[in-house]
1. Quick one: of LYS75/LYS129; LYS83/LYS140; LYS83/LYS122; LYS48/LYS81, which pairs are farther than 30 Å apart, Cα to Cα?
2. Please give me the summed charge of the neighbours of ASP49: other residues whose Cβ is under 13 Å from its Cβ, Lys and Arg +1, Asp and Glu -1.
3. Within the range 59-87, whose backbone N sits under 18 Å from a point 7 Å along Cα→Cβ of GLU100?
4. Among residues other than ASN87 whose Cβ falls under 13 Å from its Cβ, what is the net charge (Lys/Arg +1, Asp/Glu -1)?
5. Going Cα to Cα from LYS73, which aspartates and glutamates come in below 12 Å? Please leave out same-chain ones fewer than 8 positions away.
6. Tell me the Rg and the Dmax, in Å, that the Cα atoms of the range 50-146 produce.
7. Rounded to whole Hz and in sequence order, give me ³J(HN,Hα) for the range 63-70 from the Karplus expression 6.51 cos²θ - 1.76 cosθ + 1.60, θ = phi - 60°, writing x for Gly and Pro.
8. What nm distance separates the two modelled labels at LYS136 and TYR108, each placed 7 Å from Cα along Cα→Cβ?
Amino acid sequence: MSCIFLLTACGVNQQTKDSQLTLMKTTNPTPFVTDQHKSNNLVKKIEKDVSSFPQIYDVAVVKGKKDILVVYKVKHLHRLKMKKIENDLKAKLEKKYPKENFTVSSDYKIFLETVRLNEKVKSKDISEKDAEKRFKEIVKLTKDMK
């Protein structure tokens, strides 16, 4: 009887478990746009540019109406140089895409919240309006943490 309960309980929170695993493994979430009517080409190019940094091993890119959020995880051996990596990354993105407004973060909490938003958008559990609102909250949280 307890095995049935345990198996049932495991399946209920699979999405939450997947989100929590993002901190321990490489997830490479699909870049996405909060406005479903816009093209994903720009965010895919940005993801490729960020992934080209050898110190970075996991990237999530989200484009809202005004901002682009780039969150990433740094390889353990390079964690002492995180501020330099962030500055180099932001400079490269601003040079290559001068018309865009970037928010860049290597914070795990921001990465986790971004992955959760991505999951909701992919499963269509959130409206475009709510996705944009949540995106703005995450960007604000990023700026508050600095």
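The values are calculated or read from the model by the stated rules, or taken from the named source; none is laboratory data. Computed from a prediction, not measured in an experiment: that's the story for all the values here. When we count neighbours, we look across all protein chains shown, and the Cβ atoms used for this are built from the backbone with ideal geometry, even at glycine. Areas reflect the complete protein model, heavy atoms only, side chains present, ligands, DNA and RNA absent. Shrake-Rupley method; radii C 1.70, N 1.55, O 1.52, S 1.80 Å.
1. Details: LYS75/LYS129 35 Å; LYS83/LYS140 19 Å; LYS83/LYS122 32 Å; LYS48/LYS81 21 Å.
As for pairs spanning more than 30 Å Cα to Cα, those are LYS75/LYS129; LYS83/LYS122.
2. Working: positive: LYS44, LYS45, LYS48, LYS90, LYS92, LYS95, LYS96; negative: GLU47, ASP88, GLU94, GLU100.
Residues near ASP49 contribute +3 overall.
3. 59-73, 86-87
4. Working: positive: LYS81, LYS83, LYS84, LYS90, LYS92, LYS95, LYS146; negative: GLU86, ASP88, GLU94.
Every neighbour counted, the sum reads +4.
5. Filter leaves ASP58, GLU86, ASP107.
6. Spelled out, the Cα radius of gyration and Dmax of the range 50-146 are 13.4, 40 Å.
7. 10, x, 5, 10, 10, 10, 9, 10
8. So the two model labels end up 3.0 nm from each other.
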